[in-house]
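The values are calculated or read from the model by the stated rules, or taken from the named source; none is laboratory data. What you are looking at is a predicted structure, and each value in this text was computed from that prediction instead of being measured. Neighbour counts run over all protein chains shown; Cβ positions are idealised from the backbone, glycine included. Areas reflect the complete protein model, heavy atoms only, side chains present, ligands, DNA and RNA absent. Shrake-Rupley method; radii C 1.70, N 1.55, O 1.52, S 1.80 Å.
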Amino acid sequence: MKKLSIWLCSSLLLLTHFSAHAQSASEAIEVEDAYVRIAPPNAAATAAFMALENKSNEDHALVSAKTNINRTTELHTHTNDNGVMRMRQVSQIDLPAGQEVNLQPGGYHIMLIGLNTAIQEDQPIEIGLTFEDGSTKTITAKSRSMMKMGAMDHNHNHGH
Ligand SMILES: [Cu+2]
């Protein structure tokens, strides 16, 4: 009886192991709250932010992104260089198993360089994401004015 339950356990483990391998990164990663910051007029670049949740038990990574509103898209992070915040290109953004990684101002972001046209308010922007296993996912981000967000934060602080 004990032998049987051990056998059952190990075959269940094998099953979950195999099913995890069958899932691509694009299936395992859920994207929420994607938005693109509306750049000031004539700005050459802006950034996209979102929350990426890895719902699987395997590590994944975001390796590239692209949109049809700009020419060059890079993955960036921010580093604190003696009190000066600098942007640095990274080859990938790690998405550890079972964790949520936030791309947000001051941290990881998707840099949209060489904007084709000015981004309008409430403009839906499609972003193609490519993961480490070559799987892809297209998400729709909303454009968001950062000035408006700042005003909202201000009101929020006063309310408390
Ligand atoms: Cu950047």
Filtering the range 32-57 down to residues that are open to solvent by 30 Å² or more (accessible area, probe 1.4 Å) and outside any loop (DSSP other than H, G, I, E, B) yields 32, 33, 37, 45, 53
Residue set 139, 119; condition at pLDDT below 95 and surrounded by 15 or more Cβ atoms within 10 Å (Cβ to Cβ); output residue 119
- Message: Would you confirm whether or not the range 34-42 contains a residue that is out of contact with any strand residue (DSSP E or B) (no Cβ under 6 Å at 6 or more places or on another chain), within 16 Å of the ligand (Cβ to nearest atom), at pLDDT below 95 and not aliphatic (A, V, I, L, M)?
- Response: yes
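In this structure, is residue 62 assigned to a strand (DSSP E or B), within 16 Å of the ligand (Cβ to nearest atom) and not polar (S, T, N, Q)?
It is true that residue 62 is assigned to a strand (DSSP E or B), within 16 Å of the ligand (Cβ to nearest atom) and not polar (S, T, N, Q).
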Counting only residues in the range 71-97 that are in a loop (DSSP other than H, G, I, E, B) and surrounded by 11 or more Cβ atoms within 10 Å (Cβ to Cβ), the one nearest to the ligand (Cβ to nearest atom) is identified as 90
If you go through 129, 103, 95, the only one that is within 19 Å of residue 26 (Cα to Cα) and without any contact (Cβ under 8 Å) to a residue 60 or more places away in the chain is 103
